[in-house]
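Worksheet for the structure shown next.
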Amino acid sequence: MLCNLLDQKQDYGAAILSLVERYVNHFSRCYCNLSFHEKQDISQEVAIKLLCYGHKVRENCSRSWIYALVRNQCISFVRKQTTELSVLNRSTEANDDANIVGVIPPLAEGTDFGMINQIDCLQKVFDEIEIQETGKVDIAIYTQYAFGLSYVEISKRSKRTVDAVGRRISLLKKRLKNLVSEHC
Amino acid sequence: MSKEDLDQTLIPKDDEEQWRKVLHGEMVPAESSDTQLDAAAIRSYLIARDEVQAVTSVAEVDDLNVISEEEARVVYHKASEEIRLRGKNTWFEAIKKYGAVFLIGGLSASVLFLLANKDTNLKPVVPTPTQVVDEALNYSDYQVTDLGKFPGLFPNMLLIAGGNFTAGCSKGWDDVPGGCRPSEFPAHPMSIKTFELAQHEVTVGQFAHFVEQTQYLTDAEKEGKGCVHQDMLTEGHPWVMNTELSWRNPGYEQDDHFPVTCISWNDTQSYIKWLSDETKTTYRLPTEAEWEYAARGGKATAYFWGSVASNDQANYQGVGGQDKWEFAAPVGSFPANPFSVQDTSGNLWEWVQDCWHKTYHNMPSGGVAWESDCAGSNSRVRRGGAWDAGAAGIRSAIRSSGGEFDRSNLYGFRVARDWQKQKK
């Protein structure tokens, strides 16, 4: 997909740009409510990064890399607008590559050890959380936290207080422990 | 049992804090800590889960909105241009910052600088709808009516050379004036054979000639129900049927040069049959694909003149510039597009041959009328928007539906013909 964009051949990158668009729409819908023009701006920035940095990963470009690229662009964009800087933002600014490609540990990393050593197990646990009354909102909060957003940032987007967000995150570990023992 | 347990090392007190930091992506998990590795696994899982959701749970509009090859080329072009411009800025910034060194270093330094910043393979590609010009086409057989002049008793037909284009809403092009309707997706490549299209909408004078010859009664007249118009005297200005309205009196002043309105799709068929008999040539409504191809005039922009609606180019909501008409305008009052076709944007919606489908999914190729899988709706497609529409409502990609017997003082039509290669 990426090579078609970089080399302007076959579909000229239509597939990869459609995927970018899909991710942008997803982030807008789920986390940051972007306007039409903001989405256009983000897509353009991602396209620029694909052209500038794509050659580094042209042979092993993964969906998760593109996803991270879009996700980070959306976060950067929203942060620029709100001029908020979380701890993570400051730390990643020092590392351009990390800021561009994101820091996503490969899934396999989590399968070798620990109490939660099965993807199936995690799937069951989070499916269980999702069907609970506030499950979808909770998972959205956890996911945004995993993205590196601060409590304040999550609070603004989830319309919960900062304390409430902090409590949800703190409770997660205990909650997971109980659910793992129950479902895995 | 953890490594700390095996080594009999102390478990840090801030275990909870580290778990949180790893989950947050602030620190890399220590391989010796199961807790931290668990947090890393959860983080990975949450992100991966979100990625899967991004791809699988998609809004209907997004699902239809797939970027076409043409759009991809445009995105590539825009991104390349932006990279070039930013590269230029970097160059000037560098001169400002290192001005003295630059002067001393002279040409050799600048050459090195440029070489270091040289980005390869970024050749902009501008999309151009392909127009295949057939040597056999003889344009001298066709006369274009000048701006502000009117056609005679029969429609003035133009030769539209076939070609390829992208039909429907292309992101970054057709949606610029404020978005596209879901029915305009997905954008799709379309190939059009050479055909003939009327330069203007059928006029009141042309329709009157038909009625004089045939004593035809339109659906608005023979059913005695009239024609739909916007009732400006009632609160909310609803669109209602007015028994007093018909093509003869559409609710505003008109003369023979105005486009005929209050005409149903069914009425268009009667006119076309008469016109074909009268001229011994087979006329028809344009297909939807032909109509859009001609309306775009070889342009990918939202309007044939560009990306911003203009009262100097079309008759739509309000007055201003060349648009002096609150309602419909006489045909040929606005500039023609590159194919010499006029009034496709605004003035009156124009009936086309195709029946209505909610999206372009499974549309047949080749520019033929899509009259299968109509789901018995008896709805037909109308294109181009009308005098009441806002800027987004007169885009080349805009489309809407109407029943075969529906009539309104927003609806009109133009005619088309197959092109015969041997025609002289």
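The values are calculated or read from the model by the stated rules, or taken from the named source; none is laboratory data. The shown structure was predicted, so the numbers you read here are calculated from the model rather than taken from an experiment. Because the Cβ atoms are built from the backbone with ideal geometry, glycine has one as well, and the counts that use them run over all protein chains shown.
Here are the numbers for the structure shown:
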{"item": "Verdict on B:Ala289 being assigned to a helix (DSSP H, G or I), assigned by TED's automatic domain parsing to the domain that holds B:Thr344 and more than 19 Å from B:Val202 (Cα to Cα)", "result": "yes"}
{"item": "Count of region B:41-75 residues which are crowded, with 18+ Cβ neighbours inside 10 Å, closer than 25 Å to B:Gly179 by Cα, aliphatic (A, V, I, L, M) and modelled with pLDDT of 70 or more", "result": "5"}
{"item": "Some residue of region B:407-422 being assigned to a loop (DSSP other than H, G, I, E, B) and without any contact (Cβ under 8 Å) to a residue 24 or more places away in the chain", "result": "yes"}
{"item": "Residue satisfying condition, being crowded, with 20+ Cβ neighbours inside 10 Å and over 22 Å from B:Phe195 (Cβ atoms), within set B:Trp387, B:Trp370, B:Trp351", "result": "B:Trp387"}
{"item": "Filter result for B:Ala220 (within 24 Å of B:Gly251 (Cβ to Cβ), surrounded by fewer than 18 Cβ atoms within 10 Å (Cβ to Cβ), among the aliphatic types (A, V, I, L, M) and in contact (Cβ under 8 Å) with a residue 24 or more places away in the chain)", "result": "no"}
{"item": "B:Gly168 vs. criteria on the phi > 0 side of the Ramachandran plot and surrounded by 22 or more Cβ atoms within 10 Å (Cβ to Cβ)", "result": "yes"}
{"item": "First in region A:20-40 and at the interface with chain B (Cβ under 9 Å from one of its Cβ atoms) and closer than 15 Å to B:Val75 by Cα, second anywhere and of a type in the set (S, T, N, Q) and surrounded by 20 or more Cβ atoms within 10 Å (Cβ to Cβ), Cβ under 8 Å, 6 or more apart", "result": "A:Val20/A:Ser43; A:Glu21/A:Ser43; A:Glu21/B:Asn65"}
{"item": "Every residue from region A:1-57 that is assigned to a helix (DSSP H, G or I) and small (Gly, Ala, Ser)", "result": "A:Ala14, A:Ala15, A:Ser18, A:Ser28, A:Ser43, A:Ala47, A:Gly54"}
{"item": "Options B:Glu253, B:Glu201, B:Glu212: the member that is more than 27 Å from B:Asn378 (Cα to Cα), modelled with pLDDT of 95 or more, in the same structural domain as B:Asn315 (by TED's automatic domain parsing) and in contact with a Phe, Trp or Tyr (Cβ under 9 Å, 6 or more places away or on another chain)", "result": "B:Glu253"}
{"item": "Complete set of residues in region A:143-184 that are in contact (Cβ under 8 Å) with a residue 24 or more places away in the chain and of a type in the set (A, V, I, L, M)", "result": "A:Leu149, A:Val152, A:Val165, A:Ile169, A:Leu172, A:Leu176, A:Leu179, A:Val180"}
{"item": "Residue match in region A:77-85 (condition: surrounded by 18 or more Cβ atoms within 10 Å (Cβ to Cβ), of a type in the set (S, T, N, Q), at pLDDT below 80 and under 20 Å from the mean Cα position of the chain (by Cα))", "result": "no"}
{"item": "Any chance B:Gly297 is in the same structural domain as B:Gly346 (by TED's automatic domain parsing), buried (at least 17 other Cβ atoms within 10 Å of the Cβ) and at pLDDT below 95", "result": "yes"}
{"item": "Number of positions in region B:337-349 that are within 17 Å of B:Ile192 (Cβ to Cβ) and under 18 Å from the mean Cα position of the chain (by Cα)", "result": "5"}
